[in-house]
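These notes concern the structure reproduced below.
Laboratory data are not the source of any read-out in this text; all were calculated from the coordinates shown. In this text, all values refer to a predicted model and were calculated from it rather than measured experimentally. Here the Cβ is made from the backbone with ideal geometry for all residues, glycine too, and neighbour counts use every protein chain on show.
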Amino acid sequence: MVREEQSIGIAGGGRIGKAIYHLLIDGNICNNVTVMDIAPRPDDIAEGDYVQSDGTFDRFVIGKTLIINALPYTKNIELWRECFKNNVAYFDLSEDDDLDLSLGINFDEDNADIPFTMPHCGLAPGMSTIIANSLLREQVAATDVKIRVGALSNNSTNKLKYHTSWSGEGLVNEYRGDCHVVRDGKFKLEPALSGYEIVTLDGTEYEAFNTSGGIGTLAWTLSKTIEHNKKLNVDYKTLRRVGHHDYVDFLFNDLGLTEEKLVDIFKNHVPSTQNDCVLIYVQAGEREYYKKFTPTEISGRTYTAIELTTAIGLISMVELYLEGRLTVGGYYKQEQVKFEDVLGTTYGKVYRNG
């Protein structure tokens, strides 16, 4: 349903930002959507729907119903502060937890003194978090929750066995940061690239290892709300083709390259692809979810697997918010959303199991 009175601003006109824009318009979720970016207007965004940025956010945020942050995670705090000043709802795709730390969020409270704030939307964290929590709710006695997600190229021609399909900054950040886990019912931190294992999905072997951010706030939430289950273990690991881990471990740990150099490598020296797939596997006790996504055409436009899964994860949250099905203010966690509610949104059915 088109909402004439609503106004959505998207900060960031890259691949994901543009995907969100077109899906919002084509799905009749909102017809008043404006994209802001430092680059000149792309041909596939209507002239009146694009604002070229001068590097600030104040004028862009004013008067919006909500802001979607599709910029690199380094802009999260700056953009959120403008939303706070103007009492505008804020959504982002970030795997980074600097915003949570900066706000001094106490996850045991509703934090209703801030505007509606929902970070970690998208794929992982985001939909994979919602799915994991949904499976766990069905089996509260489960002792192990495993979340495994991979954004992969269908073909590769390098020793990394990997072509990039999303943000170089985001990739480096998740390979460097601390990883939130639950071990024996307690919240803990483990280093990125640790916890190596081999996973077989649909007859194909992949490697999996700890990366930061992909679990969002779920580990913290479960460590506080399922205190009776002292045996609970929860972790998130990234899926890659076998052989990838040794090379990134060499780059990140053995060579000790700076973050700037690593970002340069993955942005400018590793091939990119639009021929990709996304794998999601979640296991909680005896229940499991598995789905493989590939490039998909919607309303005459083809979306890569990572564009589709990330954009729809966020758009589903936005749609629930516009329909008044999420709280009016405060910090909202992904695990507070019911999976069945997502499946009832305009595009949420793509996440249906099977």
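By the scheme Lys and Arg +1, Asp and Glu -1, what is the net charge of all other residues having a beta-carbon under 10 Å from that of LEU320?
-1
How much length, in nm to one decimal, is gained on full extension between THR302 and THR74, taken as 0.36 nm per residue of separation minus their Cα-Cα distance?
Difference between extended and current length: 79.2 nm.
Can you match Kirkwood radius over Cα pairs in Å to one of these, (i) 25.0; (ii) 22.0; (iii) 20.6, based on a calculation from the structure here?
It is the one labelled (iii).
If we count trypsin sites (Lys or Arg not before Pro) as exposed when they sit in a DSSP loop and have at most 12 other beta carbons within 10 Å, what is the longest stretch of the chain that avoids them all?
Looking at the chain, 1-158 is the longest stretch - no exposed trypsin sites (Lys or Arg not before Pro) with at most 12 other Cβ atoms within 10 Å.
Which of the aspartates and glutamates could a cross-linker bridge to LYS18, judged by Cα under 18 Å and excluding same-chain residues fewer than eight apart?
Qualifying aspartates and glutamates at Cα under 18 Å: ASP26, ASP37, ASP43, ASP44, GLU47, ASP49, ASP92, ASP276, GLU297, GLU307, GLU319.
Could you compute how fast the stretch 290-333 diffuses translationally, taking Rh as the Kirkwood radius over C-alpha pairs and applying Stokes-Einstein at 4 °C with viscosity 1.567 mPa s? Give it in µm² per second.
106
Diagonalise the Cα gyration tensor of the stretch 125-294 and give the resulting equivalent ellipsoid semi-axes, square root of 5 times each eigenvalue, largest first, whole Å.
28, 18, 13
Going through the cross-link list LYS188/LYS292; LYS75/LYS261; LYS237/LYS267; LYS146/LYS186; LYS237/LYS333, which pairs have a Cα-Cα distance over 24 Å in this structure?
Pairs exceeding the cut-off: LYS188/LYS292.
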